[in-house]
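Participant: The following block contains the structure, expressed as structure tokens.
No value in this document is a laboratory result; all are computed from the given coordinates. Keep in mind it's a predicted model, so treat the numbers as computed, not measured. Here Cβ is always computed from backbone atoms with ideal geometry, including for glycine, and neighbour counts include all displayed protein chains.
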Amino acid sequence: MTGNREPRDAPCPRDGSRREFLKNLGVGGVATIAGTGVALAAPNLGGDALADAWSDFFQDHYQRMTPEELANALARIERRARRRFGVDIRCEDTPPLDGVVFGYALNISKCRGYRECVEGCVRENNPGRDSQVQYIRVLEIDRGTMNLEGSDHYYDPETVPRPGKFYLPVQCMQCDDPPCVKSCPVEATWKEPDGIVVIDYDWCIGCRYCMAACPYWARHFNWTDPWIPPAEINPVTNYLGNRPRAKGVTEKCHFCTQRTRKGRQPACQEACPTGARIFGNLLDPTSEIRYVLENKTVFRLKEELGTDPKFWYFTD
Amino acid sequence: MWRLVLLSVFALPFQILWSPVAAVEQNGPPSPARTSAAQPPPFTVVARQDNLLFYPCGRCHEFMPEHPLLVAATRPPPPHPESLNHGGDRLWCQTCHSLDDADHLRTLRGTPVPFDRAYLVCGQCHANRERDWLFGGHGKRVANWRGTRELYLCTNCHDPHDPTIKPRKPRKPPPLRADLGPVAATPKGPIMIWDERVSP
């Protein structure tokens with residue numbers, strides 16, 4: 001499990017424009033108590049909380065942090081969760097796997113609209129329970145049409161599937177040419193070597209351009225400070241994954257980086273009782289996903305937009 | 001040490017019975033589709049046999065005469081299925097069970113098949129599904145996407161005596177955004193909030 005990400009000290013094309021900006025702001029604001037030279041040294045006042053807030057402020061972009069800075073950032077995330085939720089979580093930085101590009105396929109003729117995947121995803125990924133963030137929408141659509149506009153994802157009948165309907169779960173498609181990444185003015189979101197489009201929640205400025213750019217309604221904004229009942233927090237977290245988020249940042253499905261980069265299935269696949277969801281490595285010719293892509297008639301949503309999603313649909 | 005030897009001697013015929021190649025041969029000449037395609041990647045299954053309520057079946061069936069008429073007379077106790085809702089009236093119990101050897105399923109040719117390899121029985125009539133299942137296009141892989149490939153058996157999801165999957169209650173719908181009602185879907189598309197405001 002070795003990472004093949006670019007070395008951390010590789011120069012970044014737009015190196016530090018946001019950081020410089022914020023740093024100058026910060027320096028201006030606190031100039032009376034701290035000179036430029038000590039701006040990055042955390043003052044040891046008021047315990048962890050103040051020191052952490054200070055260090056958070058100067059935290060660099062994920063791709064530019066040194067291993068030491070990253071370790072400190074992870075520790076701060078753990079402490080923050082402890083303060084906010086009273087829960088001990090573990091936050092890791094799991095690198096992408098070599099020779100792996102993830103893909104997903106979903107069998108529409110098997111999906112029965114149970115919403116188990118939604119439930120599994122919420123339990124796994126620590127979205128705020130009151131902030132209406134759910135990465136997966138299961139659309140109920142009239143059979144014989146592909147009318148996404150006329151779909152309903154609030155359906156709640158006594159039993160599903162309802163006659164005359166089919167169900168189409170939609171989540172982040174992990175586009176190979178992701179418009180959200182292009183639209184981000186601060187490069188807080190990017191495509192990893194394993195094809196997953198990730199977000200550095202600490203770098204996100206909450207402008208929501210990416211939400212407007214996404215053709216799949218896959219990105220969600222934390223309008224409120226996300227609250228999770230402490231008993232429901234998943235303590236196994238990843239920096240570019242399911243760690244607790246703050247108010248004012250966007251988030252979305254990340255193919256459960258905390259699980260899949262360790263060889264496990266994503267939570268939605270595990271939760272689905274019908275076997276409609278097939279996940280795997282697109283580069284492995286013996287993988288299930290390759291069998292599906294090679295033997296079934298697959299299609300992608302809004303393929304004509306040319307974003308090249310890595311999420312396919314098929315029927316048997 | 002002698003235990004190990006004994007064990008491997010006992011395990012040998014078992015291994016032969018359980019290897020996929022042997023199974024295919026037992027099912028008669030392999031169909032062209034099977035030989036021309038690539039072999040499915042190796043897999044294990046989530047065992048069910050030991051959890052069957054009545055297993056081992058021989059406990060009773062060894063001592064019972066095989067007599068179809070008896071079925072009508074004595075109703076088998078649960079969990080014997082009360083009825084068979086599979087394939088119209090084309091199947092009966094002994095399509096898949098053998099009463100001489102109730103501890104195994106049987107193929108149509110009479111080859112015994114352990115309960116944990118039920119897919120060999122199902123695959124006789126649902127060959128496409130079985131093929132998809134073997135390669136990962138039907139059914140579900142447990143836990144991981146690489147490493148040991150563990151699959152759920154057909155019987156995990158389909159009751160062989162009533163294989164249609166029944167409708168059920170969905171999980172609760174997503175919460176509504178504050179101040180916004182659910183968007184009602186109409187054939188023309190959803191009614192948006194601005195439609196409501198402009199139309200009288």
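Participant: For a quick check: sort A:Leu70, B:Leu52 by the number of other beta carbons within 10 angstrom, fewest at the front. It would help to have the intermediate numbers written out before the result.
Facilitator: Details: A:Leu70 17, B:Leu52 12.
So the ranking, lowest neighbour count to highest, is B:Leu52, A:Leu70.
Participant: Between A:Val118, A:Val170, A:Val160, where does the largest GNM mean-square fluctuation fall for chain A, given springs only between Cα atoms within less than 10 Å?
Facilitator: Judging by the Gaussian network model, the answer is A:Val160.
Participant: May I ask you to sort B:Arg109, A:Arg83, A:Arg243 by Cβ crowding, counting other Cβ atoms within 10 Å and putting the fewest first?
Facilitator: Numbers: B:Arg109 9, A:Arg83 12, A:Arg243 23.
Listed from fewest to most nearby Cβ atoms, that is B:Arg109, A:Arg83, A:Arg243.
Participant: Taking the range A:178-217 on its own, what percent of its Cα-Cα pair distances exceed 14 Å?
Facilitator: Numbers: 310 of 780 pairs.
Result for the distance tail: 40 percent.
Participant: Where the centre of each part is set by its Cα atoms, how far does the range A:183-239 sit from the range A:246-316, in angstrom?
Facilitator: The range A:183-239 and the range A:246-316 have Cα centres spaced 18 Å from each other.
Participant: Over the residues of the range B:38-166, compute the C-alpha Rg and express it relative to 2.2 N^0.38 Å. Each step should come with its number before you reach the end.
Facilitator: On the way: Rg = 15.9 Å, N = 129, 2.2 N^0.38 = 13.9 Å.
Against the empirical 2.2 N^0.38 Å value, I get 1.14 for the range B:38-166.
Participant: Provide a whole-number value for the mean count of partner chain Cβ atoms within 10 Å of the Cβ atoms in peptide B:128-141.
Facilitator: Values: counts 1, 1, 0, 2, 8, 1, 1, 8, 11, 13, 7, 5, 12, 9.
That average works out to 6.
Participant: With no solvent and one point on each alpha carbon, what is the Debye value of log10 I(q)/I(0) for the range A:55-96 at q = 0.30 Å⁻¹?
Facilitator: Evaluating at q = 0.30 Å⁻¹ gives log10 I(q)/I(0) of -1.07.
Participant: With 26 Å as the limit, write out which pairs from A:Lys182/A:Lys252; A:Lys262/B:Lys166; A:Lys247/A:Lys302; A:Lys165/A:Lys191; A:Lys110/B:Lys169 have Cα-Cα distances beyond it, or answer none. Don't skip to the end; give the middle numbers.
Facilitator: Details: A:Lys182/A:Lys252 16 Å; A:Lys262/B:Lys166 35 Å; A:Lys247/A:Lys302 31 Å; A:Lys165/A:Lys191 35 Å; A:Lys110/B:Lys169 16 Å.
Beyond 26 Å: A:Lys262/B:Lys166; A:Lys247/A:Lys302; A:Lys165/A:Lys191.
Participant: Oh, and also: About the Cα centre, and with charges only on the beta carbon of Lys, Arg (+1) and Asp, Glu (-1), how big is the dipole of the range A:95-316? Nearest 20 debye, please.
Facilitator: Details: 27 positive and 29 negative charges, 37 e Å.
Roughly 180 debye for the range A:95-316.
Participant: How big is the range A:95-316 by Rg and Dmax over its Cα atoms, in Å?
Facilitator: Just the Cα atoms of the range A:95-316 yield Rg and Dmax of 16.7, 47 Å.
Participant: Follow-up question, since we're still on this one. List A:Thr224, B:Thr107 from most exposed to least, where exposure is judged by having the fewest other Cβ atoms within 10 Å.
Facilitator: A:Thr224, B:Thr107
Participant: Next question, about the same structure. Just want to confirm a number: the relative contact order over chain A, from Cα pairs under 8 angstrom separated by 6+ residues, in percent.
Facilitator: Working: 551 pairs, mean separation 74.8, N = 316.
Relative CO of chain A lands at 24 percent.
Participant: Kindly provide the pair-distance distribution of the range A:240-316 built from C-alpha pairs, with 5 Å bins from 0 and whole-percent values in order of increasing distance.
Facilitator: 3, 12, 19, 22, 21, 14, 6, 3, 1
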